[in-house]
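Quick notes on the structure that follows.
The values are calculated or read from the model by the stated rules, or taken from the named source; none is laboratory data. Everything numeric in this text was worked out from a predicted model, so none of it was measured. In this analysis, Cβ positions are derived from the backbone assuming ideal geometry, glycine residues included, and neighbour counts consider all displayed protein chains.
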Amino acid sequence: MRRYGEWRRTLGISDASLSSRLRALTDAGLLATRPYREGGRSRHEYRLTDSGRDTWALLAAIWLWERAWVPREVPLPDPVHTGCGAVSDLLVTCGHCDRPVRLDDLDLDPAARVPIVGPPGARLHPRRTRAALPADPLSVFPGAMEIIGDRWGAAVLSAAVVGIRTFSGFERGLGVSPDVLADRLRRFRALGVLDRDAEGYLLTARGRATFPILTCLADWGRRWMTADGRPAAYPGVHRACGRLFGPRLRCAECREELGFGTVLPADLVPGGARKHVDSG
Ligand SMILES: [Zn+2]
Ligand SMILES: [Zn+2]
């Protein structure tokens, strides 16, 4: 979609919401406006910029995690790899040695206190507490919005990924206020991404499965959000090859490298899916 009316009709979103989102995405450099003429009037449409197109991997990671791990009444559509036609899943491999990588394959140093996704800068004003999980059917990815819908959520989860386990550890490592931290920890337990044992907080299987989301988010940030000059994130070292980790995404079925527009909802693929694979 490129034109205001297309989003307006398809999403059923209010004018106020749509205008403010398009403005925010344009200000952030993810969309750029282009003039066109219609019915003798000059209007403008919105095109993805390079950084906007580059969010495809993050969006795909969100979609597939949400589909696999967040219960919902109407399931999200099956992801089809257009290259091989299979209903597939993302395979994260190492950008250097190309071996498949899971969270456990990285050396992450909690003493470095720099999570995969860094804490927000001081100039930001995080919401102190947040409303309940949206029941709004238009909220496409309610679980993922808990995780990356605000920067403190992403920072707290990333800190858990690097092995921080205690309340005071999160507080010191992130410079987060106790009430914001308590709110995010409570919500992550309610969502089932964090649990508690005698030594503190730890990631559940659902939490560990957010690895593609976090690593795609961090990778995008490294490419496009370097303006303030400070390293936003420590990606971890891939133990097998000893290099700083950067993700590459491949089709889990045919192993082809994925790119923009190569993973589509089944109903948008001409002829549908070639075969059905349980990627659970
Ligand atoms: Zn490697
Ligand atoms: Zn494939």
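Numerical summary
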item: Checking Ile147 against (1) of a type in the set (Val, Ile, Thr); (2) under 16 Å from Phe211 (Cα atoms); (3) at pLDDT 85 or above, the condition it does not meet; result: (3)
item: Qualifying residue in the stretch 106-118 (condition: assigned to a helix (DSSP H, G or I), closer than 27 Å to Phe245 by Cβ, within 16 Å of ligand 1 (Cβ to nearest atom) and assigned by TED's automatic domain parsing to the domain that holds Arg208); result: no
item: Checklist (1) away from ligand 1 (no atom under 16 Å from the Cβ); (2) not in a strand (DSSP E or B) applied to Tyr46, failing item; result: (2)
item: Complete set of residues in the stretch 166-207 that are among the aromatic types (Phe, Trp, Tyr) and closer than 18 Å to Trp65 by Cβ; result: Phe188
item: Residue in the stretch 240-250 that is modelled with pLDDT of 95 or more, away from ligand 2 (no atom under 16 Å from the Cβ) and either of a type outside the set (Asp, Glu) or in a loop (DSSP other than H, G, I, E, B) (or both) present; result: yes
item: Checking Cys84 against (1) crowded, with 19+ Cβ neighbours inside 10 Å; (2) within 16 Å of ligand 2 (Cβ to nearest atom), the condition it does not meet; result: (1)
item: Complete set of residues in the stretch 87-110 that are within 16 Å of ligand 2 (Cβ to nearest atom) and of a type in the set (A, V, I, L, M); result: Val87, Leu90, Leu91, Val92
item: Criterion (closer than 18 Å to Asp267 by Cα and loosely packed, with under 15 Cβ neighbours inside 10 Å) met by exactly one of Leu64, Leu59; result: Leu59
item: Long-range neighbours under 8 Å by Cβ, at least six apart or interchain, first residue in a loop (DSSP other than H, G, I, E, B) within the stretch 1-16, second at pLDDT 90 or above and among the acidic types (Asp, Glu); result: Arg2/Glu45; Arg3/Glu45
item: Qualifying residue in the stretch 186-198 (condition: of a type in the set (A, V, I, L, M, F, W, C), in the same structural domain as Ala154 (by TED's automatic domain parsing), more than 20 Å from the chain's Cα centre (by Cα) and at pLDDT 90 or above); result: yes
item: Check on Leu31, away from ligand 1 (no atom under 16 Å from the Cβ) and farther than 29 Å from Leu203 by Cβ; result: yes
